[in-house]
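Notes for the one structure printed next.
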């Protein structure tokens, strides 16, 4: 009987999470519940990341985004219902490509026309984008500021947004 118990114990296996969940859990360990989805993550669906700001585009952009990066508070990054349901967002108007179908929208809370985001807000934005890039295999060349990268006119996330610093943060190993 002891030999049988030992044999059964040796054959015991632990449940294995699907590959997409393992990658997501490893990469987003610091984010917690705000990165969870109600349906399986469809990483192949997401090909771009587009960053907006509520100051340049109005508060409505936060309701049309997958993530919101707040200016302050204990939890700076939060997912919206669109992300949790893995649904496209209606956040880009472009004749060249249907970015609404395959891009992750991030709304950065604030007006960055005169002053950039706080160091903490910028750091959390970069961390979120790097996590999304890793999880969904999105190259840095496909991370856009809404304006001027995808739309002409008013600049979003704003003239004072530190584009070069942000790009350098994304390129860190």
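Here, each number is a calculation from the coordinates, and none is a lab measurement. Model, not experiment: these values are computed from the prediction. In this analysis, Cβ positions are derived from the backbone assuming ideal geometry, glycine residues included, and neighbour counts consider all displayed protein chains.
Inter-label distance, residue 170 to residue 72: 2.9 nm, where each label sits 7 Å from its Cα along the C-beta direction. Applying 1/(1 + (r/R0)^6) with r as the Cβ-Cβ distance of residue 139 and residue 101 and R0 = 22 angstrom yields a FRET efficiency of 0.75.
Apply the Debye scattering formula to region 45-170, with a single equal point scatterer on each alpha-carbon and no solvent, then give log10 I(q)/I(0) at q = 0.11, 0.17, 0.18 Å⁻¹. Relative scattering, expressed as log10 I(q)/I(0), comes to -0.31, -0.79, -0.90. With contacts taken as Cα pairs under 8 Å and at least 6 residues apart, region 45-170 reaches a relative contact order of 36 percent.
Multiplying the residue separation of residue 63 and residue 160 by 0.36 nm and subtracting their alpha-carbon distance yields 32.6 nm.
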